[in-house]
Amino acid sequence: MRATDRKKAPFRVGVLSVVKHAYLPRAIAAHPRFKLVCVADDAERPGWTHERNQSFADEFGIPYIRDVADAIERFDLDAVAVSSEAERHCDLAARAAAAGLHVVVDKPLAPRLEDCDRLIAALERHRVQCLVWNRNFLPAIVQAREALAAGNIGTLAAIHCDFYFSKDAGPPLCTRRAGDPPIDWLGRQLEAHADGSDGGVGTMPMGELQVEGIYPLAYIRMLTGGARVRRVFARTAAHFHQAHADNGIDDLATLTLEIENGVVGSLCIGRIGAAAHPDIGEIKLHLIGEKGAMVISEARPEVAIHYRGQPLLEFKHQRIADENNYLLAENFALAIDGTQAPILDARGARDICATVLAALESARSGRPVAVKHLPA
Amino acid sequence: MMTRLAFRLDEDEADYRAAASRIGAVEVVALDENPDALVASAGTAAGLPTLLIGAIPSVGSENEFAALPLRFCPQVRAIRASLDAGQLGRPGLLRLHRWSPPGRDPGRVAAVDLALWLIGEQPVATHGIRSLNNDVIHLGFPSGAMALLDFTEALPAGDGYHSLCLVGSNGAAYADDHRDRNLFFTGGAPGATPPNFSKACLRPMLEDFLSAVREKRSPEHTTRDLLRARQLVEEVMA
């Protein structure tokens, strides 16, 4: 990857809502081509939103503005970092794009296709860049991409991904006592802020496939050269966590993928509980080409650390040499410069959103479902 | 009481004999030495209880036993024991990757049998796709459990690759050739090879067969299981 021009003044970035785990704006702040200058959100947001926004602004010594339009107007922004609830991603991003600002937005892009389409229209009308957060720069994924590009296994014919997060999500399934109310989704996600597992924060319950599916599907998309999933068959279940069962969403899903160019694929994804793995979870890619195959562990390289008194839930293997966040920020800077395309742009993330929604429809109907893509 | 066991196999008979020699109360004899049971590639002999290796028993046969070696692999036995002990909770997902080089069966029927056996249900939803030498079989079960199995016969000549993950409500089990490989440096990139335990299923499979013979168990269940798995593969991939 080419380095960005350090001599240029850093891009001025406004953080539009930072209510989840804040890895995205932190990654942007850590890159020398960017400077966070404010946090902004809509005044009518609930109190917990303002508290989190204010806390992040205080940490970085920047103002928190309870008016997005005012912040855009007053702070001479070049770009925004959107880390709101997923259901608000596209609205905030589209408002920034309409003001001519580049956008880096957390995953998943949106829970609805119409939200994606509104954002894409705004981005293209105002000719601004958009990077959707992903994990495609993890060292093992880069290794897979380079091996494919070098032709080591020939033309790709099949790709299978296992993507399990061994995290809990509140009380286990079947632990709700008679008479207790169902678990409130937003309340549960607000509790989860403490351990960073609040990726589905918002009023709209979203299952593991909707929240995290963008990661493995972005791998598949990149490693197939941007090929789109044409048709999907899926099964889903709430197998582990009461909050998922109470809200009618999945914590386990399996997908069979029919991909352009005749590639077949599959995906298993789940939030399978902290007891199910000593680390964050088994995450693997299996690629079969016409000349060979690859089995890639997303976690590698890693180092094992064990010690007396180690907390039960502490990961025993730590990932090392992980520069994914830095490289994403670098990619965003280069995209703004006009010298590199975003590694996952809004159209790509929209394709993934469409695949996820088709999978959920398939799981409901029991039939394969064609994915509703925009015209190429 | 000693059981006299004979063999009539097209392949790997020495491995089977070696495995039988490690089992107590078994005497390996020739077919004309009045055996109590037979391990054969096809057909029975004189109505002997027969474990059929690589062949489908006749429907309704009282003496032909289906061999299901995958159920007896050491990693599968460990996972089954954990499942039976309740450690893993309710099965939610079985994921299998089974890859082989051209000309070697990646074991679709055995893999589907394993899925049905570990999950303990018959599927209510099935789906399959195929592209060139790559198949995916997708099963959904009444409890909500699911199985996703992929197969290829497109590996370069040499070793195959097997991976099994069973995710239950209380935990998960992983048996993956990727983990079991050792590195061998002979210049350039190292080779990655597992210790050879490919025959480790034979002894427990023979022990189970001999127990069935001694206890006069019917072969009906294993035959039915194998035929169901084969039918399912044929239907899904049709």
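FYI, it's all coordinate maths here, none of it is from the lab. The model shown is predicted, which means the values in this text are computed figures rather than measured ones. Counting neighbours? That spans all protein chains shown, and the Cβs are built from the backbone with ideal geometry, glycine included.
Compared with the dominant Cα axis of chain B, that is its longest principal axis, helix B:220-236 is turned about 30°. Ordering B:PHE185, A:PHE11 from the fewest to the most neighbouring beta carbons within 10 Å gives B:PHE185, A:PHE11. Per-residue shielding of B:81-91, expressed as the average number of other chain Cβ atoms within 10 Å of the residue Cβ, stands at 1. The local environment of A:ILE62, defined by Cβ-Cβ distances under 12 Å, has a net charge of 0 under the rule Lys, Arg +1 and Asp, Glu -1. Between the residues B:GLN122, B:PRO102, B:PHE185, the greatest Cα displacement towards the positive end of the dipole of the range B:74-193, with unit charges on the Cβ of Lys, Arg, Asp and Glu, is found for B:GLN122.
The mean count of C-beta atoms from other chains within 10 Å of the C-beta of residues in B:153-166, rounded to a whole number, is 3.
Listed by chain and number, the aspartates and glutamates whose alpha-carbon sits under 18 Å from that of A:LYS316, ignoring those within fewer than 8 places in the same chain, are A:ASP168, A:ASP195, A:ASP279, A:GLU282, A:GLU298, A:GLU302.
Quick check on the exposure proxy: order B:MET146, A:MET204 from fewest to most C-beta atoms within 10 angstrom. Walk me through the numbers before you get to the answer.
On the way: B:MET146 29, A:MET204 17.
Taking fewest neighbouring Cβ atoms as first place, the list is A:MET204, B:MET146.
Under the classification rounded if a/c is under 1.5, otherwise prolate if a/b is larger than b/c and oblate if not, where does chain A fall, given a ≥ b ≥ c as square roots of the Cα gyration tensor eigenvalues? Because its axes are fairly even, with a/c under 1.5, chain A counts as rounded. State the Cα centre-to-centre distance between the range A:2-50 and the range B:73-123 in whole Å. Centre-to-centre distance over Cα atoms comes out at 47 Å.
Note on A:TRP133, B:TRP117: ascending count of other Cβ atoms within 10 Å places them as B:TRP117, A:TRP133, the fewest first. Phi angles across the range B:142-156 convert, under the Karplus curve 6.51 cos²θ - 1.76 cosθ + 1.60 with θ = phi - 60°, into 3J(HN,Hα) values of x, 6, x, 4, 9, 9, 10, 10, 10, 9, 8, 10, 10, 5, x Hz, Gly and Pro given as x.
Take the alpha carbon gyration tensor of the range B:74-193, find the square roots of its eigenvalues, order them as a ≥ b ≥ c, and report rounded if a/c is under 1.5; if not, report prolate when a/b exceeds b/c, else oblate.
Details: a/c = 2.78, a/b = 1.40, b/c = 1.99.
It is oblate, given that a/c is not under 1.5 and a/b is not larger than b/c.
Placing +1 on the Cβ of every Lys and Arg and -1 on the Cβ of every Asp and Glu, with no other charges, gives the range B:152-238 a dipole of roughly 300 debye about its Cα centre. The phi torsions of the range A:54-68, fed into the Karplus equation with coefficients 6.51, -1.76 and 1.60 and a -60° offset, translate into couplings of 5, 4, 5, 4, 5, 4, 9, x, 10, x, 10, 10, 8, 6, 5 Hz, rounded to whole numbers, with Gly and Pro shown as x. Please state the shape class of the range A:231-316: rounded when a/c is under 1.5, otherwise prolate if a/b exceeds b/c and oblate if not, all from the C-alpha gyration tensor. Oblate, since a/c reaches 1.5 and b/c is not below a/b. Per-peptide packing, taken as the mean over residues of other Cβ atoms within 10 Å, places A:293-302, A:214-223, B:19-28, B:87-96 in the sequence A:214-223, B:87-96, A:293-302, B:19-28 from highest down. The mean number of Cβ atoms from other chains found within 10 Å of a Cβ in peptide B:168-175 is 6, as a whole number. Can you check what the net charge comes to around A:ALA43, using other residues whose Cβ is under 12 Å from the Cβ of A:ALA43 (Lys, Arg +1; Asp, Glu -1)? Charge balance near A:ALA43 sits at -3. Take chain B, connect every pair of alpha-carbon atoms lying under 10 Å apart with a spring to form a Gaussian network, then pick out the residue of B:ALA81, B:ALA30, B:ALA46 with the largest mean-square fluctuation. Answer for the Gaussian network model of chain B: B:ALA46.
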